[in-house]
């Protein structure tokens, strides 16, 4: 049975869908023909901890986290979660952290990296998703979510989060390209994933697993000579874009920093 999961990338360059197929337990799907890694992609199903099941500590913690974060509805953090639903806008989401918004005009090589690695992110996400078939939290417990409760969302499994995997992968790439802003970039990348908890569409375990998922993937990407070469070319491009500006609105960035400085479930 073929189905579409989440689509990841930038508004101008990324068109790859994270497409998955229901597969037998432990059977790896065919790696994507696009991307950087192909058959060299790490098997994230084997790397990630198992998805929580009923009766376990992590399962109970997920339900508690979902219940506790429902109080954030209609707060500024809820509004940020709604903004973060748009995965295509990662360069805009990262503008305050990086100090400039990357565009097709000022950073085509960098955005091309994000576009090219999208199939790798899709494979890393959909392989474990399709095996575990974990339900999203609002399908287990009643509660509001920040997007419509439509059938397509319900049909896409919870574990690990595709949004959070994508966000942390992009954050790791940008932190490497602008190491002096790594702390701010990684804080925003963490918050982007946690927006899925605030929104109510992913469990805490799915967001946390996504960071392991992305880290394993980026480690694999560094084994690709093409990825390394593309990163070297993008490094100078990002530096020039930051120097040229314009810098994002300082007041808006201060508000964002205040919202993202701590995790929503603490």
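Assorted remarks:
- For region 155-184, a residue qualifies if it is assigned to a loop (DSSP other than H, G, I, E, B) and crowded, with 23+ Cβ neighbours inside 10 Å, and the qualifying residues are 157, 158, 159, 160, 161.
- Yes/no for residue 113 being within 30 Å of residue 239 (Cα to Cα) and either touching a helix residue (DSSP H, G or I) at 6+ places or on another chain (Cβ under 9 Å) or surrounded by 23 or more Cβ atoms within 10 Å (Cβ to Cβ) (or both): yes
- Restricting attention to region 238-266, the residues that are within 25 Å of residue 82 (Cβ to Cβ) and either assigned to a loop (DSSP other than H, G, I, E, B) or in contact (Cβ under 8 Å) with a residue 40 or more places away in the chain (or both) total 16.
- Region 197-235: number of residues that are touching a helix residue (DSSP H, G or I) at 6+ places or on another chain (Cβ under 9 Å) and free of Cβ contacts under 8 Å to residues at least 24 places away in the same chain: 3
- Of all residues in region 60-94 being farther than 25 Å from residue 148 by Cβ and touching a residue at least 40 places away in the same chain (Cβ under 8 Å), the one that is surrounded by the most Cβ atoms within 10 Å (Cβ to Cβ): 94
- Selection within region 63-87 - closer than 14 Å to residue 193 by Cα and assigned to a loop (DSSP other than H, G, I, E, B): 85, 86, 87
- Test: residue in region 131-154 that is in contact with a strand residue (DSSP E or B) (Cβ under 7 Å, 6 or more places away or on another chain) and in a helix (DSSP H, G or I): no
Read-outs throughout are calculated quantities, based only on the coordinates presented, and are distinct from any laboratory measurement. Predicted model only: the values in this text are computed from it and were never measured. Every residue, glycine among them, receives a Cβ derived from its backbone with ideal geometry; neighbour counts consider all protein chains shown.
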